[in-house]
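In what follows, a structure is listed as structure tokens, so that the remarks can point back to it.
The values are calculated or read from the model by the stated rules, or taken from the named source; none is laboratory data. This one's a predicted model, so the numbers in the text were calculated from it and none came from an experiment. Neighbour counts run over all protein chains shown; Cβ positions are idealised from the backbone, glycine included.
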């Protein structure tokens, strides 16, 4: 099972192409509100995480995730199941 | 904090667009002169972004059918399909479409958006899993949101990726997989390998749903769409489409090779709780279905024009999003440049669509062209000249944009 820091690093890596202004990515950063990643790009990032961790992250779960920290927690939960 | 504060970032984008020129997402035409010409103020505009693929909006038979429908049955139905809103016209159109597609069941809806919203939300139950192409249209996404089903996206036009995700999901206890794709994708104009999706979906025991909104009428020997073109129409479980493109009206349909689909009439909330399509809309679409079935010449001209435009733009080194099809999207570096160029095109007498994120794949900013069988060779030359002019005056356009944004 990946550590919280490993998941966070992977999310940062996948967010990089969608963060041209190099805004700081914190656990508390709102993915759409603070980082201004649009909804289509969010789902592209989700597909990358699904493939990296070999998990399914349904869209209805994604709609409840607002911050990088919440996404990190969701990944850890799904990889532990 | 106001109720509208959450839209401040969006308002800022709109403000930039308005500094640059017109509201590209709210254009008002003062007159529609023909299938390919409109008027804004005193300027005649060549229409190259109307999805009017077969050019039937001014077809005499379609117009007569609509006029006769008003004379015979009035302007509106004032009721939903489950109340007083089912007329003989609705049933006739359902039979005509079912017959055309070779399927036992077809249901018509009031709009195209409502079609996918209804069908997907009705088909997928709490224990089912929807697998949706990553570039699926908003009405498909919204349809999944109305269900209790889990929804998984797979990479665009990638049957291998779907295969991987279906395997990852494993057995769906008490439910089924519903795979949803489109035929011709509306933004980039690329086409799905439907034959491969049929194979992958059915190998996993799932059902395949194809939205042929932009491909019905345009592809296939009799115009049934890309599934017919690729020889797998009889293997597709559900086909949806719209009346507001090739069929030159307003409304939509979903057909199925499963006769049990009929029960959905008693389930689909967006179908049950909205007024049915007007007699005029239904009769215009019914007349247009006949035109589609015998429209090989229209499809042939549309293909020639698409190839002419695609080659011309490619020769100018424009970055095009897909191979030649009636939808040709020109990728621009960002939203402001695309908006500036869109205004220049309108001033030059050519209307195309400005398409921006999140409505576009890959966060792209696009000048999107959709062609019609009614476009002539000369019309395409006019569009090409307008795009050539954009290249020629790129320096002055960008300087003008910079000045406007700083003002």
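When residue B:169 is evaluated against the numbered criteria (1) farther than 28 Å from residue B:310 by Cα; (2) surrounded by fewer than 17 Cβ atoms within 10 Å (Cβ to Cβ); (3) modelled with pLDDT under 95, which criterion, by number, is the only one it fails?
Unmet condition: (2).
Does region B:80-94 include one or more residues that are touching a residue at least 12 places away in the same chain (Cβ under 8 Å) and in a strand (DSSP E or B)?
Yes, region B:80-94 contains at least one residue that is touching a residue at least 12 places away in the same chain (Cβ under 8 Å) and in a strand (DSSP E or B).
Hey, can you tell me all the residues within region B:183-215 that are in a loop (DSSP other than H, G, I, E, B) and more than 25 Å from residue B:367 (Cβ to Cβ)?
Of everything in region B:183-215, those that are in a loop (DSSP other than H, G, I, E, B) and more than 25 Å from residue B:367 (Cβ to Cβ) turn out to be B:193, B:204, B:205, B:206.
Scan region B:189-202 and tell me whether some residue there is surrounded by fewer than 24 Cβ atoms within 10 Å (Cβ to Cβ) and within 20 Å of residue B:373 (Cβ to Cβ).
Taking every residue of region B:189-202 in turn, at least one turns out to be surrounded by fewer than 24 Cβ atoms within 10 Å (Cβ to Cβ) and within 20 Å of residue B:373 (Cβ to Cβ).
Is there a residue in region B:173-182 that is crowded, with 21+ Cβ neighbours inside 10 Å, more than 16 Å from the chain's Cα centre (by Cα), facing chain A (nearest Cβ under 10 Å) and not in a helix (DSSP H, G or I)?
The answer is no, given that none of the residues of region B:173-182 is crowded, with 21+ Cβ neighbours inside 10 Å, more than 16 Å from the chain's Cα centre (by Cα), facing chain A (nearest Cβ under 10 Å) and not in a helix (DSSP H, G or I).
Can you spot a residue in region B:105-117 that is assigned by TED's automatic domain parsing to the domain that holds residue B:224, free of Cβ contacts under 8 Å to residues at least 24 places away in the same chain and out of contact with any helix residue (DSSP H, G or I) (no Cβ under 6 Å at 6 or more places or on another chain)?
Scanning region B:105-117 turns up no residue that is assigned by TED's automatic domain parsing to the domain that holds residue B:224, free of Cβ contacts under 8 Å to residues at least 24 places away in the same chain and out of contact with any helix residue (DSSP H, G or I) (no Cβ under 6 Å at 6 or more places or on another chain).
Could you please give the count of residues in region B:357-369 that are in contact with a strand residue (DSSP E or B) (Cβ under 6 Å, 6 or more places away or on another chain) and either free of Cβ contacts under 8 Å to residues at least 40 places away in the same chain or more than 12 Å from every other protein chain (Cβ to nearest Cβ) (or both)?
5
In the set B:366, B:354, B:390, which member is assigned to a helix (DSSP H, G or I) and either assigned by TED's automatic domain parsing to the domain that holds residue B:22 or modelled with pLDDT of 95 or more (or both)?
B:390
I'd like the residue in region B:147-164 that is at the interface with chain A (Cβ under 7 Å from one of its Cβ atoms) and within 13 Å of residue A:51 (Cβ to Cβ) and, out of all such residues, is farthest from the chain's Cα centre (by Cα).
B:152
Keeping to region A:51-67, report how many residues are touching a strand residue (DSSP E or B) at 6+ places or on another chain (Cβ under 6 Å), outside any helix (DSSP H, G or I) and at the interface with another protein chain (Cβ under 8 Å from one of its Cβ atoms).
The number of residues fulfilling the criteria is 2.
Conditions: (1) in contact with a strand residue (DSSP E or B) (Cβ under 7 Å, 6 or more places away or on another chain); (2) loosely packed, with under 15 Cβ neighbours inside 10 Å. Residue B:82 meets all but one. Number of the miss?
(1)
Has region A:24-33 got any residue that is part of a helix (DSSP H, G or I), within 13 Å of chain B (Cβ to nearest Cβ), surrounded by 15 or more Cβ atoms within 10 Å (Cβ to Cβ) and touching a residue at least 12 places away in the same chain (Cβ under 8 Å)?
Among the residues of region A:24-33, not one is part of a helix (DSSP H, G or I), within 13 Å of chain B (Cβ to nearest Cβ), surrounded by 15 or more Cβ atoms within 10 Å (Cβ to Cβ) and touching a residue at least 12 places away in the same chain (Cβ under 8 Å), which makes the answer no.
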